[in-house]
Amino acid sequence: MITIALSKGRIFEETLPLLEAAGINALEDPESSRKLILSTNRADVRLIIVRASDVPTYVQYGAADLGVAGKDVLNEHGGTGLYQPLDLNIARCRMMVAVRDGFDYESAVRQGARLRVATKYVQTARAHFAAKGVHVDLIKLYGSMELGPLVGLSDAIVDLVSSGNTLKANHLKAVEHIQDISSRLVVNQAALKLKHAAIQPMLDAFAKAIKK
Ligand code: PRT
Ligand code: MG
């Protein structure tokens, strides 16, 4: 049995065509089904539905053989025990620093002010500001980071931006680009050896189907 870990929403939707290219079709839709284990047209392949940030953990421990996870999530997880053979080029967005419209980020940084930064991406934020030599107090949040600067929780946020509409709607502006983000295929290293005959053809089919 090959188990593939996916999260609901954009990753599931954008992975479906890649699965199809490998001859794998989900028999249920996670948006309408409450099942967490979904069968496919192939008796030897199943999908499990987990939180986006839990995908690397399921694959690391071998509870799933394969998974699809954003680079943002992999940066936070660290990637231990994971083989990352393919950038699937899906769920693309940008990791950015953003502040309130009126906030003078440049001079705050120039004056060596200690910035308060709210984020779900603590490792990414720590590495980014350390590389710039900017002192920060990191405040860990689990979502809706955009609220932080509006209610005085923080000076800045580190968050993902795709259309920019969420920043605009909340009177925030992006002031720094940290990294381009897309989702990667992750593979359990032991499974790749033990189930090589089943997994390698899937990797080949995914690689061929990736849109540049
Ligand atoms: O939602 P949940 O808390 O369950 O988990 P999650 O947010 O980690 O999962 P999900 O499914 O929302 O995102 C899965 C992956 O999609 C992320 O790990 C990213 O790699 C990728 N991705 C691509 C995004 C976005 N685009 C994105 N725009 N993830 C989140 N966003 C959010 C962003 O955090 C911000 O709040 O969308 C908002 C901004 O969008 P715009 O279009 O208004 O700029
Ligand atoms: Mg989300």
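Tally the residues that are within 13 Å of ligand 1 (Cβ to nearest atom) and either without any contact (Cβ under 8 Å) to a residue 40 or more places away in the chain or farther than 22 Å from residue 47 by Cβ (or both), restricting the search to the stretch 179-199.
Of the residues in that region, 3 qualify.
Among the numbered conditions (1) over 14 Å from the mean Cα position of the chain (by Cα); (2) surrounded by 14 or more Cβ atoms within 10 Å (Cβ to Cβ); (3) touching a residue at least 12 places away in the same chain (Cβ under 8 Å), tell me where residue 16 comes up short.
Just one mismatch for residue 16, condition (3).
Would you mind stating whether residue 20 is within 15 Å of residue 206 (Cβ to Cβ), within 16 Å of ligand 2 (Cβ to nearest atom) and of a type in the set (Asp, Glu)?
no
Tally time: how many residues in the stretch 1-13 are touching a residue at least 60 places away in the same chain (Cβ under 8 Å) and more than 16 Å from ligand 2 (Cβ to nearest atom)?
Looking only at that region, the number is 4.
Across the stretch 23-60, which residue is most open to solvent (accessible area, probe 1.4 Å) among those that are among the charged types (D, E, K, R) and within 16 Å of ligand 2 (Cβ to nearest atom)?
Here is the first cut: in the stretch 23-60, the residues among the charged types (D, E, K, R) are 28-29, 31, 34-35, 42, 44, 46, 51, 54.
The next check asks that each one be within 16 Å of ligand 2 (Cβ to nearest atom); those that pass are 31, 51, 54.
Numbers: 31: 106, 51: 170, 54: 63 Å².
Result: 51.
In the stretch 52-108, which residues are outside any loop (DSSP other than H, G, I, E, B), farther than 15 Å from residue 159 by Cβ and assigned by TED's automatic domain parsing to the domain that holds residue 134?
106, 107, 108, listed by residue number.
Taking the stretch 122-166 as the search range and keeping residues that are among the β-branched types (Val, Ile, Thr) and within 21 Å of residue 107 (Cβ to Cβ), which one is farthest from ligand 2 (Cβ to nearest atom)?
Taking the stretch 122-166 first, the residues among the β-branched types (Val, Ile, Thr) are 122, 124, 134, 136, 139, 151, 157-158, 161, 166.
Now drop any that are not within 21 Å of residue 107 (Cβ to Cβ), which leaves 134, 136, 157-158.
Values: 134: 27, 136: 24, 157: 15, 158: 15 Å.
Only one residue fits best here, namely 134.
Could you list all residues from the stretch 117-172 that are buried (at least 18 other Cβ atoms within 10 Å of the Cβ), more than 19 Å from residue 76 (Cα to Cα) and touching a residue at least 60 places away in the same chain (Cβ under 8 Å)?
167, 172
Please specify each residue of the stretch 75-98 satisfying the condition of being farther than 18 Å from residue 143 by Cβ, within 14 Å of ligand 1 (Cβ to nearest atom) and surrounded by 19 or more Cβ atoms within 10 Å (Cβ to Cβ).
Across the stretch 75-98, the qualifying residues are 88, 90.
Let's see how each residue does on (1) modelled with pLDDT under 95; (2) in a loop (DSSP other than H, G, I, E, B); (3) farther than 17 Å from residue 176 by Cβ:
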residue	(1), (2), (3)
113	yes, yes, no
118	no, no, no
127	no, no, no
130	no, no, no
138	no, no, no
143	no, yes, yes
146	no, no, no
149	no, no, no
152	no, yes, yes
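The values are calculated or read from the model by the stated rules, or taken from the named source; none is laboratory data. No experiment lies behind these values; they were computed from the predicted model shown. Positions of Cβ are generated from backbone atoms using ideal geometry, with glycine treated the same way; all protein chains shown enter the neighbour counts. Just the protein is used for accessible areas: all its heavy atoms, side chains included, with ligands, DNA and RNA removed. Shrake-Rupley method; radii C 1.70, N 1.55, O 1.52, S 1.80 Å.
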